[in-house]
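What follows is one structure encoded as structure tokens, with my remarks underneath.
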Amino acid sequence: MYTVEFNKLPSFQKLFLDYVSADEENFNRINKFFHASYRDKEEIFKVIDNKSHSYNANRYFDKNILIDILKRQNVTFGGNEKTASNIELLKDENTFAVVTGQQVGLYTGNLYTILKTITTIKLAIDLKHKFQQYNFVPVFWLESEDHDLDEANHVHLINRQNEVVRIGFEEQTSDSDESTLKKNLMPVGGIKFDSTINEINEQLKDVLIDTDFKEKLIEKISSFYSEGNDYRHSFSLFMNWIFKDYGLVFVDCSDVEIKKLLTPVFEKELNTSPRLCEEIIKTSAELEKEYDLQVKPKVINLFFIHNGNRLLIEPRENNRFALKNSKKRFEQEELMNILFENPEQFSPNVVLRPICQDYLLPTVAYVGGPSEVSYFAQLKSAYEHHDITMPVIFPRASVTIIENKVKKFLTNFEVHFEDIFNEKYLVSKVVDKLSEIKIEDEFSKVQDEVNRIFYDLKNTASKIDKTLSNSADNIKEKLVSGLENFKGKLVNAQAKRSETTTSQIDKVTNNIYPLNSLQERIINVSYFLNKYHDEFIKKLYDEIDINCFDHQVIEF
């Protein structure tokens, strides 16, 4: 395993780069928006100590009720004795949760779901080593009420030809279509699979290469993602099969009994709005001076499940409420009565979800990806508004898997990992390596000659008229730009002469930078499980360093 700094990779926002920066000045610039530093053992201890008091003082439910719910849920999700043991541990006031979460999706979605989970499990163990008087349990919060079906209903894999292939249900084509709108507003977790899932499983089987593990893998996946099952249970069953040895505890936030426990949080949001929104806007205004914002709070940060759709609650005049994208209206008393009688009809948005999570659980750390780190930076005042201790926000491990075929390419062409993300440079370097005509060398000579000519020219010009020196610089700039364009054309022409070269480059980029994004954001875990079986998770678990805050490259 070796590492690459995040700022050498594409598509990371400045806020996240500062948050993981080893530069103290950069880190402190953003860390003030969080309750505690994930790097500082003393600050982590303060969170543990604060949580031990605030969790007991500010929750309005019997913890044993939560324990019973978790036991019931995790039995249906395929949890084993280790899971049951960890749930029992949560009864103890000296036991705390290390939490991560993700929208439920087809075949567990993108690889980062697996990376978040491994980070969470290892962080729980790491905290136990640091604070032996306490216990720490890894918890996965199932975001089963999100309604982004277009994100959840497909995955990407690499096929036999090293092409990136989409597998899943058909994309929704018309946002204006009433049925499409309805589907896009349904909580994804409860959507049951019809017979089409059998066709999707066949697609998966056809795309995966033949290996010794393929038959068993397809059999397992098909038993989880099967007709009559829903996204929530299928996702949990598959995740439990992958992480069967680690005692991971799942929480289904859509559960009726969970919603009953969350009633005080929902009630406060309805009765005190727009205070939460205003607090977050204040923080966001300060953040926005240097960073891009991730989320926009709503006046009321709650959805309402109406006719199967998850619709945002909006305030109206005279203490009335309306549902967005609906003609439904409520009087205040009517809405409050529904809350106390049927709390399952209420659902938190992205702003209120962490509050619900950490109201229910004694959370000391949340493991999140770059986007989550960014939106938690806006939420410190939200935790204060609810008198809940904000957990440590711990960056998940970021990883690229380098398989042997890719490693050979990098070695043969003396290409560095970060070169993969610069297509022009990569093509130039590979073509140059293969070609008898060394374009880079030739143009380096030309550049030296241009520099020499214009140096002499500027000297001559300055002797005649000093103002003409700038004209010489402008001419040189245009000439250099023209030469760069010409060099690019030569490189492309040379590449076209060698189909093998361009094919090799495409195969490598499809593995490392599929669809112009990091591998962890695109490729599904089944691609790797099919090739390496249990060894894949074991090697990832063994090699990932959760206290390394650079991108990690692991060779298989």
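When the residues of the stretch 146-186 are filtered to those that are crowded, with 19+ Cβ neighbours inside 10 Å and modelled with pLDDT under 95, the one that is nearest to D206 (Cα to Cα) is L149. Being within 23 Å of L149 (Cβ to Cβ) and open to solvent by 50 Å² or more (accessible area, probe 1.4 Å): is that true of K268 here? So K268 fails the test. For the stretch 250-273, filtering for residues that are in a loop (DSSP other than H, G, I, E, B) and in contact with a strand residue (DSSP E or B) (Cβ under 7 Å, 6 or more places away or on another chain) leaves 2. Residues in the stretch 451-476 that are surrounded by 13 or more Cβ atoms within 10 Å (Cβ to Cβ) and either under 22 Å from Y425 (Cα atoms) or hydroxyl-bearing (S, T, Y) (or both): S462, S469, S471.
Taking first residues from the stretch 467-486 that are without any contact (Cβ under 8 Å) to a residue 12 or more places away in the chain and more than 16 Å from D448 (Cα to Cα) and partners that are open to solvent by less than 100 Å² (accessible area, probe 1.4 Å) and of a type in the set (G, A, S), the Cβ contacts under 8 Å between residues at least 6 apart in sequence or on separate chains come to L468/A461; L468/S462; S469/A461; S469/S462; S471/A461.
Of the helices (runs of 4 or more DSSP H) that lie entirely inside the stretch 1-88, those containing 3 or more residues that are touching a strand residue (DSSP E or B) at 6+ places or on another chain (Cβ under 6 Å) and closer than 26 Å to S284 by Cα span 41-58.
Report, by residue number, each residue of the stretch 96-143 that is among the polar types (S, T, N, Q) and open to solvent by less than 10 Å² (accessible area, probe 1.4 Å). Within the stretch 96-143, T100, T108, T113, T117, T119, T120 qualify.
Would a scan of the stretch 401-417 turn up a residue that is touching a helix residue (DSSP H, G or I) at 6+ places or on another chain (Cβ under 7 Å) and hydroxyl-bearing (S, T, Y)? No, every residue in the stretch 401-417 fails to be touching a helix residue (DSSP H, G or I) at 6+ places or on another chain (Cβ under 7 Å) and hydroxyl-bearing (S, T, Y). Of all residues in the stretch 435-450, exactly one satisfies the criterion of being open to solvent by less than 60 Å² (accessible area, probe 1.4 Å), among the hydrophobic types (A, V, I, L, M, F, W, C) and either more than 50 Å from the chain's Cα centre (by Cα) or at pLDDT below 85 (or both), namely I439. The numbered conditions (1) in contact with a strand residue (DSSP E or B) (Cβ under 8 Å, 6 or more places away or on another chain); (2) in contact (Cβ under 8 Å) with a residue 60 or more places away in the chain; (3) buried (at least 20 other Cβ atoms within 10 Å of the Cβ) are all true for L335 except (3). A single entry from L479, L483 fulfils the requirement of being in a helix (DSSP H, G or I), over 30 Å from T3 (Cα atoms) and open to solvent by 60 Å² or more (accessible area, probe 1.4 Å): L479. A Cβ distance below 6 Å, combined with a sequence gap of six or more or placement on separate chains, defines the contacts here; from the stretch 507-523, residues that are open to solvent by less than 20 Å² (accessible area, probe 1.4 Å) reach residues that are part of a helix (DSSP H, G or I) and of a type in the set (F, W, Y) in the pairs V508/F409; E520/Y112. Only residues that are in contact with a Cys (Cβ under 9 Å, 6 or more places away or on another chain) and among the basic types (K, R) were counted across the stretch 231-267, and they come to 1.
Exactly one residue out of V351, V295, V364 is in a strand (DSSP E or B), open to solvent by less than 60 Å² (accessible area, probe 1.4 Å), in contact with a helix residue (DSSP H, G or I) (Cβ under 9 Å, 6 or more places away or on another chain) and within 29 Å of K14 (Cα to Cα), and it is V364. Scanning the stretch 500-554 for residues that are over 16 Å from L111 (Cβ atoms), touching a helix residue (DSSP H, G or I) at 6+ places or on another chain (Cβ under 7 Å) and either in a helix (DSSP H, G or I) or of a type outside the set (V, I, T) (or both) returns T501, T502, Q504, I505, V508, T509, D550.
If you go through the stretch 404-434 and keep only what is surrounded by fewer than 16 Cβ atoms within 10 Å (Cβ to Cβ) and not in a helix (DSSP H, G or I), you end up with E414, H416, N422.
The values are calculated or read from the model by the stated rules, or taken from the named source; none is laboratory data. What you see is a predicted model, and the numbers here were worked out from it, not measured in a lab. With ideal geometry, Cβ positions are generated from the backbone for all residues, glycine too; neighbour counts draw on all protein chains shown. The accessibility values were calculated without ligands, DNA or RNA, using every heavy atom of the protein model including side chains. Shrake-Rupley method; radii C 1.70, N 1.55, O 1.52, S 1.80 Å.
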